[in-house]
Amino acid sequence: MLNKELLTKHLNNLKSKLSEDSEKLRMDQNERRERIKYYQSWTKDRIMKMSAEDLLAYLSRLWAMLIWGNKQYVVDKMIQDNGFDQLKKEIEELIWGTNAIEERWEKARKSIKGMGPAMLSELLCHVHPNDYMIWNRRAYVGLNYLGVEDVPSRNYQVSGKKYKELCAVSKQIASEMKSMGFEDTSLLAVDYFIWDELQVLDNLSAIHKKVKETKDKDDLTKEESKFVHNDVRDALRDIGEWLGFKAEIEKKVADGSVVDTVWESKIGNMGRVMYVFEVQTKGSIDSLILNLLKAKNNPAVQGVVAVSDKSQLERIKKHATDVPGLGNILKVWDYDEVLNVHESLEFVNVSINKLNLVPEGF
């Protein structure tokens, strides 16, 4: 349920601000029209005919890409991880497919590596601004502030069904905007409202509070477990990149050992060091320990880290204690802490990248 009183208060605030600042109103409307026009121009056929340069231009304009200084690197990784033709096919099916949005959303989030809810929803909203909302951390803060129940705080919780429900809430806000005489009542305009009015100080600062938001391993369904695993795996890769490492996912580091995430750094002409991470949401602890032990066979591996929920980490540490060559070097990391660190670094990177201190492609 939306808090209608709170919603009306902030819509009136926005209406008053825009009436006093016609230039902002004009600029915002022009920006929305331009973005919609650009993304709608990428028809089904045109997407399938994209070159790698086209894809870079297409994705670089997304607000979800503001966290990255080197967008070329990110897009190249997407192409490498998904396959170029397959990546284009998945994007085309998400945006222009005829199946219900719940089905298209589920397929995309399972199939496309490197694209989370923020990027997927932004593409949908720019092409279908009256049907689909943009879902990101700011939307979470805004809807939570308005009293919407069961707002997902983690990416794994944004299922196709949940995304459809969130779009319905956004449409309620759009309907209220229309009744109050707003000229633009698209869901993209709702997103601007959320950013302009609903990022109140107490809620915005709450983004970075350390809270236990992810279920423990034993409480996750099989499907949720897979999404948590992949979210954490990808967050570890992003953190490594932002810290200056070469970071990869699903990397073979030794015979019989493919690990979830690797951070790698070269030390002059002396060689390289690697740090490996294994994320545990389901499966055998013995298998995790064996995989990390095999990873240590690579002399470049200087650190091994098990990542899971708090209760599972205690069991992992206990099992590893009696394993020669591993118990004394194994590090553990709560995956809620990983996701909180990722959110904080994301905030930092967006802020710094807005300064344009380093030219694109430098």
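Just a few scattered comments:
- Residue selection: Leu14 fails the criterion of being surrounded by 13 or more Cβ atoms within 10 Å (Cβ to Cβ) and within 21 Å of Leu124 (Cβ to Cβ).
- The one condition from (1) of a type outside the set (Lys, Arg); (2) touching a residue at least 60 places away in the same chain (Cβ under 8 Å); (3) touching a Pro at 6+ places or on another chain (Cβ under 7 Å) that Trp135 does not meet is (2).
- Scanning region 155-196 for residues that are charged (D, E, K, R), outside any helix (DSSP H, G or I) and crowded, with 17+ Cβ neighbours inside 10 Å returns a single hit, Asp184.
Bear in mind that the values in this text are calculations on the coordinates, not laboratory data. What you see is a predicted model, and the numbers here were worked out from it, not measured in a lab. Cβ sites come from the backbone with ideal geometry, for glycine too, and all protein chains shown count toward neighbours.
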